[in-house]
Amino acid sequence: MATFHFENKRALVTGAGKGIGRDVVIALVAAGATVTAVSRTEADLTLLKQQFPAIRTVCVNIADAAQVQAALQNVGPIDLLVNCAGVAMNEPFLSTTLERFDATLDTNVRAAFVVSQLVARGMVERKTGGSIVNVSSVASTLALVDHTSYCVSKGALDQLTRMMALELGPHKIRTNSVNPTVVMTEMGRANWSDPAKAGPVLARIPLGKFPEVPHVVNAILYFLSDASDMINGTFLPIDGGLLID
């Protein structure tokens, strides 16, 4: 893990209960930040709080805009935001239901919009600037079989990143996106352990492997840090070269 310093910085991370989001919380705490961890699963937050008593936890259904606004309205000043909450409901185009399509966009796009708007308003009012990172995917660029809702949601999230970078930039608020391919989280390993499934994808990656969680976390921390203070509206593929062709 790369070394970053976030003393006197206040961070909010959505999707903090598992996977990449959880590791982002841990890394930010280790780097000195004061962290608010947001998840819809109370048990995950309880475990995180037991391990890191200094963090603040907020349990809320991130896809419910009204709940999110109520839960976070008094969250306090935030300097750093990571929109990591996401779902993947993989179905063929002709089998995708409106309910699953809407649920995917509510979590992957609308939640990022709602949380970012709330946090950015505070940044603008305080005139302190800040950094926001949206966790997207190479699926924003690639059309993947059986991933209609997911691909559409990540494409929309990238466009949201562009708009935020454009309109928040004058307020010294930077917005960037990390766009990994399959990441070897616990779920990633479970879903991609079959060589018959993983082989064709790995064959398209020049480095011949999927990224591990620290690869994504390091990129997120870089975008949050002052080391990237001239980077705004950027999309960083973390894919071993998958998008080259």
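Given region 1-100, what strands (runs of 3 or more DSSP E) lie entirely inside it while holding 1 or more residues that are surrounded by fewer than 19 Cβ atoms within 10 Å (Cβ to Cβ) and without any contact (Cβ under 8 Å) to a residue 60 or more places away in the chain?
Because the criterion is at least 1 residues that are surrounded by fewer than 19 Cβ atoms within 10 Å (Cβ to Cβ) and without any contact (Cβ under 8 Å) to a residue 60 or more places away in the chain, the strands (runs of 3 or more DSSP E) in region 1-100 that meet it are 56-59.
Taking T161, is it hydroxyl-bearing (S, T, Y), under 14 Å from the mean Cα position of the chain (by Cα), buried (at least 20 other Cβ atoms within 10 Å of the Cβ) and in a strand (DSSP E or B)?
no
Does any residue of region 172-187 turn out to be among the aliphatic types (A, V, I, L, M) and over 27 Å from H5 (Cα atoms)?
Looking for residues that are among the aliphatic types (A, V, I, L, M) and over 27 Å from H5 (Cα atoms), one finds at least one in region 172-187, hence yes.
Please go through region 216-231 and pick out each residue that is of a type outside the set (V, I, T) and surrounded by fewer than 20 Cβ atoms within 10 Å (Cβ to Cβ).
The answer is N218, Y222, S225, D226, A227, S228, D229, M230.
Which condition number does F101 fail, the rest of (1) at pLDDT 95 or above; (2) closer than 23 Å to G233 by Cβ; (3) out of contact with any Leu (no Cβ under 7 Å at 6 or more places or on another chain) being met?
The one condition F101 does not meet is (2).
Within region 192-226, track down each residue that is in contact (Cβ under 8 Å) with a residue 24 or more places away in the chain and small (G, A, S).
Correct list: G208, A219, S225.
Go through region 108-146 and count every residue that is in a helix (DSSP H, G or I) and out of contact with any Phe, Trp or Tyr (no Cβ under 9 Å at 6 or more places or on another chain).
Within region 108-146, residues that are in a helix (DSSP H, G or I) and out of contact with any Phe, Trp or Tyr (no Cβ under 9 Å at 6 or more places or on another chain) number 19.
Go through region 166-221 and report how many residues are touching a strand residue (DSSP E or B) at 6+ places or on another chain (Cβ under 7 Å), closer than 18 Å to S137 by Cα and not in a loop (DSSP other than H, G, I, E, B).
Qualifying residue count for the region: 10.
Yes or no, residue by residue, for (1) at pLDDT below 95; (2) under 26 Å from F210 (Cβ atoms); (3) in contact with a Lys or Arg (Cβ under 9 Å, 6 or more places away or on another chain):
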position: V109; (1), (2), (3): no, yes, yes
position: F113; (1), (2), (3): no, no, no
position: S116; (1), (2), (3): no, no, no
position: A120; (1), (2), (3): no, no, no
position: V124; (1), (2), (3): no, no, no
position: K127; (1), (2), (3): no, no, yes
position: N134; (1), (2), (3): no, yes, no
position: L142; (1), (2), (3): yes, yes, no
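Among the residues of region 102-122, are any in contact with a Pro (Cβ under 8 Å, 6 or more places away or on another chain) and free of Cβ contacts under 8 Å to residues at least 60 places away in the same chain?
Yes; the residues of region 102-122 include at least one that is in contact with a Pro (Cβ under 8 Å, 6 or more places away or on another chain) and free of Cβ contacts under 8 Å to residues at least 60 places away in the same chain.
Of the conditions (1) under 14 Å from the mean Cα position of the chain (by Cα); (2) under 23 Å from G241 (Cα atoms), N108 fails just one. Which one is it?
Every listed condition holds for N108 apart from (2).
The values are calculated or read from the model by the stated rules, or taken from the named source; none is laboratory data. Small disclaimer: the values here were computed from a predicted structure and weren't measured. Using ideal geometry, Cβ is built from the backbone for each residue, glycine included, and neighbour counts are taken over all protein chains shown.
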